[in-house]
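Enquirer: Can you read through this structure? Questions will come right after.
The values are calculated or read from the model by the stated rules, or taken from the named source; none is laboratory data. Since the model is a prediction, treat every value here as computed from it, not as a measurement. For neighbour counting, all protein chains shown are included, and Cβ atoms are generated from backbone atoms with ideal geometry for every residue, glycine included.
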Amino acid sequence: MDRNVVKVVLAAWERPDFRAGLRHLIDLDEVTSLLAALAVDDHDDEVRHRAMELLRSALETAEIRGAVLLLIETDDIRRSLADAISDNLTDRPGLASSIRAALDDPAVRAEIRDALESQGLRTLVWKVAEDEFRGRRLTLVGEATLLFLRHRPARRLVWALKRHGVIRELRRGPASA
């Protein structure tokens, strides 16, 4: 939940059509205040954890998943998201460039959509995210492997990302980027 990424989501949140589509599903005031708290540099772990829980519950709703996925289909929001990612990867320009290329590829976006529609995959992704949040690196590696082995949408998404060099750039790490 990086500050720059949150600012992109907050900008999308200000779109009347996006908010109108979600108004009957979630407490918009709670989401707005949470996004504002995340947008500042010195938010604490409790705010991040609250955001993860809200996002997890929201993504279990098909309408909200659809609305979130529409954000990466919207050119200006997708570009802003790619810019926010690039801002955070100044030490890894190759990774930033490969992520931007992947986000611009309609086939990759379709794979992201398929992956998020898989209940088992969503459950495992949240488990991985929680372990990352709690600093459990060894468990994280095991669950990521399980994710790849058990879920076809995850494998297809990984291959789509590989075509754009994302996997190669992730392997390089910051030192050799």
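Enquirer: Say whether the condition of being modelled with pLDDT under 75 and touching a Lys or Arg at 6+ places or on another chain (Cβ under 7 Å) is met by at least one residue in the stretch 144-166.
Expert: Within the stretch 144-166, one or more residues are modelled with pLDDT under 75 and touching a Lys or Arg at 6+ places or on another chain (Cβ under 7 Å).
Enquirer: Only one residue in Ser86, Ser97, Ser80, Ser57 is on the phi < 0 side of the Ramachandran plot, of a type in the set (Ser, Thr, Tyr) and modelled with pLDDT under 75. Which one?
Expert: Being on the phi < 0 side of the Ramachandran plot, of a type in the set (Ser, Thr, Tyr) and modelled with pLDDT under 75 holds for just one of Ser86, Ser97, Ser80, Ser57, which is Ser57.
Enquirer: Something else about it: Please go through the stretch 47-63 and pick out each residue that is out of contact with any Lys or Arg (no Cβ under 9 Å at 6 or more places or on another chain) and touching a residue at least 12 places away in the same chain (Cβ under 8 Å). Please lay out each step first, then the result.
Expert: Restricting attention to the stretch 47-63, the residues satisfying the condition of being out of contact with any Lys or Arg (no Cβ under 9 Å at 6 or more places or on another chain) are 47-55, 57, 61-63.
If the condition is that a residue be out of contact with any Lys or Arg (no Cβ under 9 Å at 6 or more places or on another chain) and touching a residue at least 12 places away in the same chain (Cβ under 8 Å), then Val47, Arg48, His49, Arg50, Ala51, Met52, Leu54, Thr61, Glu63 are the ones that fit.
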